[in-house]
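Before any comments, here is the structure.
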Amino acid sequence: MTIKALMVDVDGVIVHPAYPGGWAERLETDLGLRSADLQESFFKPHWEDVMLGRADLHERLAPVLRKIAPHLTSKDLAEYWFAKDARLDEALLADLARLRAGGVALHLATVQEHHRARFLWNELGLSDRFEAMHYAADLGCAKPDPAFFRAIETRTGFQSSELALLDDRPGNIEGARGCGWAAALWHGTCSLTEVLVDLGLDPR
């Protein structure tokens, strides 16, 4: 199998939260908002629409905050969220850069809404490290839906047999393989070299 492009997940692979408990671990201390309230009032009822691009983050978040945390604007919370969920795995990125230098195209394949996608791509600088970002809100579907993988094939022109996914969720790995992609689960306990060999790539 000849892999021409490696699609890399973002959260849990190349980007990690600032705290072990996630980006919202100190939300109440820092911003006076209980993460449980945010989960119940925003993420549970609204996140799917926002994540799939059917609604804008701020349009849904602002009225929720007016009820549960009127001292915060949606911009305040988004800036905090994005900043606290932006720790890069520089070692993995360096290994990926060597793979890219060897001729394998690197793309991002991730479940994001529009605002954080732009933050990751532009402000966090992932545009310098990857050739393209394919994300849920832009595609209108999310991993592991086969439509997500097929949309990437259509956009890039790569055949399924030429694509591989690096992801930290077993369900996404199964979804990619079901579409004919190579796929490897990333859990950070082995080297990228070992993962690439499993995908049929020789990183040397």
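Taking a straight line from the alpha carbon of LYS4, these lysines sit under 26 Å away, with near neighbours fewer than eight places off in the same chain left out: LYS143. A straight Cα-to-Cα reach below 21 Å connects LYS67 with the lysines LYS44, LYS75, residues fewer than 8 places away in its own chain not being considered.
Cα centroid separation, segment 1-72 to segment 112-158: 17 Å.
Note on the chain: with a GNM built from Cα contacts shorter than 10 Å, the maximum mean-square fluctuation among ILE14, ILE152, ILE68 falls on ILE68. Computed extension gain for GLU59 through VAL197, at 0.36 nm per residue and net of the alpha carbon distance, reaches 45.2 nm. Each stretch of four or more DSSP H residues adds -39500 (n - 2.57); spread over every residue of the chain, this sum gives -11500 deg cm²/dmol at 222 nm. Obtain the nm distance between the two label points defined at LYS67 and ALA36 by a simple spin-label model: each point lies 7 Å from its Cα along the Cα-to-C-beta direction. Each label point lies 7 Å from its Cα, and together they span 1.8 nm. Working from label points 7 Å from Cα in the Cα-to-Cβ sense, the ASN122 to ALA18 distance is 2.2 nm.
Per residue, the Cα convex hull of segment 27-84 amounts to 74 Å³.
Built from the Cα atoms of segment 138-182, the convex hull projects on average onto 2.9 nm², one quarter of its surface area.
Every number in this text was worked out from the coordinates using simple rules, so none of it is lab data. As the structure is a computational prediction, the values presented were derived from the model and not from experiment. Cβ: placed from backbone, ideal geometry, glycine included. Neighbour counts: every protein chain shown.
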